[in-house]
């Protein structure tokens with residue numbers, strides 16, 4: 001009997017999970033690799049950062065997600081190299097893993113474009129750790145101010161958000177409501193209205209991918225929440241106390257959140273090291289064929305934010321969850337087709353619309369066919385879609401409890417500060433047992 | 001108009017919160033001090049450690065808990081000294097806080113009695129960080145074994161629990177069920193039945209505070225879950241790879257959980273530094289009058305695990321949640337009485353019973369009047385009591401979702417590994433912004 005093909009999938013995000021699911025009935029052995037043992041529901045990271053949801057609510061253990069699929073194994077590990085010639089994935093720890101087919105779906109990370117000080121002093125919002133860290137920081141700033149209220153005047157509660165895209169807008173709305181509806185009650189001695197939440201956006205409107213009418217609506221809603229909008233400016237640096245802008249002006253602010261750029265996972269560079277510079281686009285994503293494979297290496301597919309997926313008319317598709325999901329589905333179908341001796345199909349992305357929330361019970365949604373929603377109808381559409389998308393019943397139930405609670409009470413319960421300043425969840429009292437290899 | 005008295009309460013555990021509540025109508029200014037910004041529901045820490053509950057489920061933000069009480073302020077800070085003469089509480093960071101009345105309710109911490117290697121290599125179960133750390137470690141051991149299954153034979157999944165009291169028993173039952181019902185499915189390639197869970201207890205039975213019949217029942221239930229019981233032995237040391245026992249034998253095991261002792265918070269030593277050695281009992285707790293105040297210092301009360309609360313017949317009461325709650329209630333009533341010119345009342349503890357779970361749907365409960373439950377009735381009593389006790393509706397609702405889910409599916413969803421080995425929730429990708437004082 002012939003050995004079954006091994007398909008190694010790197011990344012348990014939307015693309016990777018969808019791909020694995022598509023191989024459920026295929027006579028292949030799948031190994032799903034991720035650096036974390038959980039899938040992160042990235043669209044709701046801003047809810048974790050603003051204490052609306054617990055970290056666990058938007059994360060699902062990978063092994064639980066794929067448990068019912070008998071042909072899947074899981075490997076927790078950090079991929080440091082891909083041996084393209086010998087067809088092996090190399091890990092930081094533990095033995096390498098050989099593959100017959102490889103799917104890279106490692107996503108994207110924050111890109112600070114080397115703007116001075118942002119790596120050291122800024123906060124990102126691309127991972128669960130990012131979100132928890134930002135939340136802890138915001139809560140700590142309030143605790144500091146409660147000991148010395150004069151710090152409020154000095155801007156200890158202020159937040160500058162670099163980037164007015166969906167992430168920046170959702171985060172700004174969430175922070176404004178957290179401050180106004182929750183923390184102002186938790187800290188009655190502080191004049192929380194003095195806290196500034198500022199979006200700095202180089203373009204001339206927020207939510208650039210949306211129709212200008214929706215951008216204008218979002219801007220009005222943000223203004224009503226007290227969020228300041230600075231257009232035509234980029235952040236040029238920070239020292240952790242002051243944020244500098246393009247025009248030479250500066251904002252005294254110790255909390256800079258960088259939502260102004262993403263780049264492909266470092267795995268793209270690993271691939272380029274072996275296959276040459278032409279492997280990547282100028283934006284750092286991996287160039288792929290219409291079938292989403294690496295040119296000259298049909299055994300390697302790339303999907304999701306890591307790939308420069310062709311849009312069919314010479315451009316590349318944006319780095320969005322639906323692109324990742326549909327890409328994963330296509331590559332799975334092509335792997336199944338290959339086993340049956342059928343040719344691979346090219347990728348045809350179907351745009352099903354985009355959405356962004358702008359605070360409590362308010363969202364903008366842009367659907368195909370020029371359908372646009374805003375306000376409460378937009379929010380209901382957004383809410384339903386995200387609840388359906390959340391993986392696993394239990395998370396869905398918990399998220400609903402939290403949301404119902406927030407909605408009824410304006411309260412947010414997920415505001416615990418765990419651990420030290422420098423080590424968010426490290427024990428403060430006793431030494432940490434020495435891992436690994438114990 | 002006379003300045004209102006300031007009552008400073010150190011510790012937001014059961015005793016501290018009950019005390020603050022008892023002062024709701026009193027014409028005093030209350031400052032509630034804690035090193036964390038949340039109350040931890042300690043009886044359920046073992047559920048967090050065994051992935052049955054999220055950390056956030058058993059923690060409630062202190063500010064949210066006391067928000068409706070207008071005469072309470074909250075101070076987040078680590079108390080490093082008490083200036084008994086000038087009546088000031090001194091913090092590691094920030095200005096000192098003067099008091100008219102002081103209530104110390106800082107609880108207890110793990111006591112390893114200096115047993116070699118336990119501080120460095122062992123795990124405790126007294127704080128939320130302890131519980132999250134143990135959970136991450138257990139899950140990581142499984143991920144290691146999944147890369148190299150021979151590690152299972154070498155004991156990588158084994159756990160030794162020092163101490164057969166309620167904490168040790170509840171944890172052992174939880175781990176055994178986590179392994180058997182959940183992780184054996186998550187890791188189908190591992191022979192999880194080979195994993196040992198061992199309780200090492202110097203006495204001759206588990207749950208020594210309970211009636212021997214209940215101890216015997218608990219032991220039988222544990223045995224059915226595959227937990228090994230070693231009696232008449234203490235742990236004498238560990239190097240992180242092997243656990244040594246009294247009789248010179250040793251168990252190869254990298255996971256030692258220490259539930260074999262607690263001691264009063266370091267705040268007891270701070271007090272003794274000022275008031276002399278006679279301030280503390282041999283066990284390190286603060287000696288108090290029948291009214292739970294420090295002898296010679298009626299302005300300082302001590303309640304909960306930190307105090308050697310007299311039992312009325314020459315002994316001291318055990319370090320249990322009901323003792324803390326009732327003590328807090330008494331001291332609050334005495335503070336109110338004092339304002340009205342009434343004398344202080346002595347503490348009369350009313351024993352309402354003790355409970356401990358022994359795995360899924362099984363608990364032992366010992367109520368006053370020789371009422372004893374075990375098995376399912378015990379578990380139902382335990383479940384109801386703990387749900388009622390959990391602070392805050394939202395936590396209660398979430399906990400119920402989690403429990404219902406666990407019960408129906410045998411699944412446990414809270415099994416995420418966040419962050420690095422050495423820094424559980426520290427970002428692995430980008431540098432940590434430098435706190436504090438940024």
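Every number here is computed from the coordinates shown, using simple stated rules; none is lab data. What you see is a predicted model, and the numbers here were worked out from it, not measured in a lab. Quick reminder, even Gly has a Cβ in these numbers, built from the backbone with ideal geometry, and neighbours come from all protein chains shown.
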### Message
Assume the label is 7 Å from Cα along Cα to beta carbon: what separations in nm does residue B:281 have to the matching positions in the other copies?
### Response
7.0
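Regarding segment B:333-388, what whole-number volume in Å³ per residue does the convex hull of its Cα atoms give? The partial results should precede the final answer.
Working: hull volume 5.6 nm³, N = 56.
It is 100 Å³ per residue.
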#### Entry: Rounded Å value of the spacing that divides the Cα centres of segment B:339-381 and segment B:284-315
22
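When a/c reaches 1.5 or more, the comparison of a/b and b/c decides; with that in mind, is segment A:135-183 rounded, prolate or oblate per its Cα gyration tensor? Intermediate values should be presented prior to the final figure.
Numbers: a/c = 2.50, a/b = 1.90, b/c = 1.32.
Prolate is the answer for segment A:135-183, as a/c is 1.5 or above and a/b outweighs b/c.
May I ask for the percentage of alpha-carbon pairs in segment A:1-79 that lie more than 15 Å from each other? Don't jump to the answer; show the numbers that get you there.
Values: 1754 of 3081 pairs.
Within segment A:1-79, distances greater than 15 Å cover 57 percent of Cα pairs.
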### Task
Using R₀ = 41 Å, calculate the FRET efficiency as 1/(1 + (r/R₀)^6) where r is the Cβ-Cβ separation of residue A:189 and residue B:119; round to 0.05.
0.55
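Hey, got the average number of other protein chain Cβ atoms within 10 angstrom for residues in B:254-266? Don't skip to the end; give the middle numbers.
Values: counts 4, 2, 1, 0, 1, 0, 0, 0, 0, 0, 0, 0, 1.
Mean partner-chain Cβ count within 10 Å for B:254-266: 1.
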### Task
Round to the nearest 10 and give me the degree value, 0 to 90, for the angle of helix A:375-389's Cα axis relative to the longest principal axis of chain A.
40
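If each residue's Cβ is checked for other Cβ atoms within 10 Å, how do A:185, B:386 rank with the fewest at the top? Numbers along the way, then the final one.
On the way: A:185 15, B:386 19.
Ascending Cβ contact count within 10 Å gives the list A:185, B:386.
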### Query
Over the Cα atoms of chain A, how large are the radius of gyration and the largest Cα-Cα distance (Dmax), in Å?
22.5, 76
## Note on the structure
Taking Cα atoms, the helix A:166-177 axis meets the longest principal axis of chain A at an angle in degrees (rounded to 10) of 30
### Query
segment A:260-402: percent of C-alpha pairs farther apart than 23 Å?
49
### Query
Applying 1/(1 + (r/R0)^6) with R0 = 60 Å to the Cβ-Cβ distance of residue A:148 and residue A:269, what FRET efficiency is obtained, to the nearest 0.05?
0.85
### Query
Normalised by the residues of segment B:205-310, what does the relative contact order come to in percent, with Cα pairs under 8 Å and at least six apart?
13
### Query
Which percent, to the nearest 5, of DSSP beta bridges fully inside chain A are antiparallel?
45
### Message
If I stretch the segment between residue A:224 and residue A:78 completely, what's the gain in nm (0.36 nm per residue apart, minus their alpha carbon distance), one decimal?
### Response
48.1 nm
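Taking neighbour Cβ counts within 10 Å as the exposure measure, how do A:338, A:177 sort from fewest upward?
Numbers: A:338 16, A:177 21.
So the ranking, lowest neighbour count to highest, is A:338, A:177.
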### Message
Could you list B:21, B:352 so that the one with the fewest beta carbons within 10 Å of its beta carbon is first and the one with the most is last?
### Response
B:352, B:21
### Query
For peptide B:396-402, how many partner chain Cβ atoms fall within 10 Å of a residue's Cβ, on average?
5
#### Entry: the protein assembly as shown - share of DSSP beta bridges that are antiparallel (%, nearest 5)
45
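Mean separation of Cα pairs under 8 Å and 6+ residues apart, divided by the residue count of segment B:155-274: what relative contact order is that in percent? Mind dumping the intermediate values first?
Details: 198 pairs, mean separation 39.7, N = 120.
Over segment B:155-274, the number comes to 33 percent.
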### Task
Report the relative contact order of chain B, percent, no decimals, based on alpha-carbon pairs under 8 angstrom and at least 6 residues apart.
19
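Let me have the 222 nm mean residue ellipticity of the protein assembly as shown computed from DSSP H runs of 4+ only, each contributing -39500 (n - 2.57), with the sum over all residues rounded to the nearest 500.
On the way: 24 runs with 264 residues, N = 876.
Computed mean residue ellipticity for the protein assembly as shown: -9000 deg cm²/dmol.
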### Summary
Restricted to segment A:13-131, the DSSP antiparallel beta bridge percent, nearest 5, is 65
### Query
Taking segment A:254-323 as the region of interest, what is the percent of Cα-Cα pairs per 10 angstrom bin, listed from the shortest bin to the one with the maximum distance?
20, 51, 21, 7, 2
### Query
On average, how many beta carbons from a partner chain sit within 10 Å of the beta carbon of a residue in A:51-64?
5
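I need the shape label for the protein assembly as shown. Rule: rounded when a/c is under 1.5, else prolate if a/b > b/c, else oblate, with a, b, c from the alpha carbon gyration tensor. Before the final figure, lay out each step's value.
Working: a/c = 2.14, a/b = 1.34, b/c = 1.60.
Oblate is the answer for the protein assembly as shown, as a/c is 1.5 or above yet b/c matches or exceeds a/b.
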### Task
Would you mind pulling out the separation of the Cα centroids of segment A:1-28 and segment B:125-169, in Å?
31
### Task
Assign one of three labels to segment A:181-262, namely rounded, prolate or oblate, based on the Cα gyration tensor with a ≥ b ≥ c the square roots of its eigenvalues; rounded applies when a/c is under 1.5, prolate when it is not and a/b is larger than b/c, and oblate otherwise.
oblate
## Note on the structure
Relative to chain B, whose Cα atoms define the longest principal axis, helix B:393-409 and its Cα axis are tilted in degrees, nearest 10, by 10
### Convex hull of Cα atoms in segment A:1-140, direction-averaged projection (nm²)
10.6
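Can you give the Rg to Rh ratio of segment A:56-101, both from alpha-carbon atoms, with Rh computed by the Kirkwood formula?
Details: Rg = 13.3 Å, Rh = 12.5 Å.
Reported Rg/Rh (Cα atoms, Kirkwood Rh): 1.07.
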### Query
Got the residue A:231 label distances to the other copies yet, label 7 Å along Cα→Cβ, in nm, shortest first?
7.9
### Task
Would you kindly work out, in nm and rounded to one decimal, the distances from the label point of residue B:120 to those of the same position in each other copy, ordered shortest first, with label points 7 Å along Cα-to-Cβ?
3.5
#### Entry: Inter-site label distance for residue B:336 and residue B:367 at 7 Å from Cα along Cβ, in nm
2.8
### Query
In whole Å, what are the Cα extents of segment B:149-293 along the three principal axes, biggest one first?
60, 36, 32
### Query
If you take the Cα Rg of segment A:203-244 and divide it by 2.2 N^0.38 Å, with N the number of residues, what do you get?
1.39
### Message
Can you compute the radius of gyration and Dmax for segment A:74-181, using only the Cα atoms, both in Å?
### Response
20.2, 63
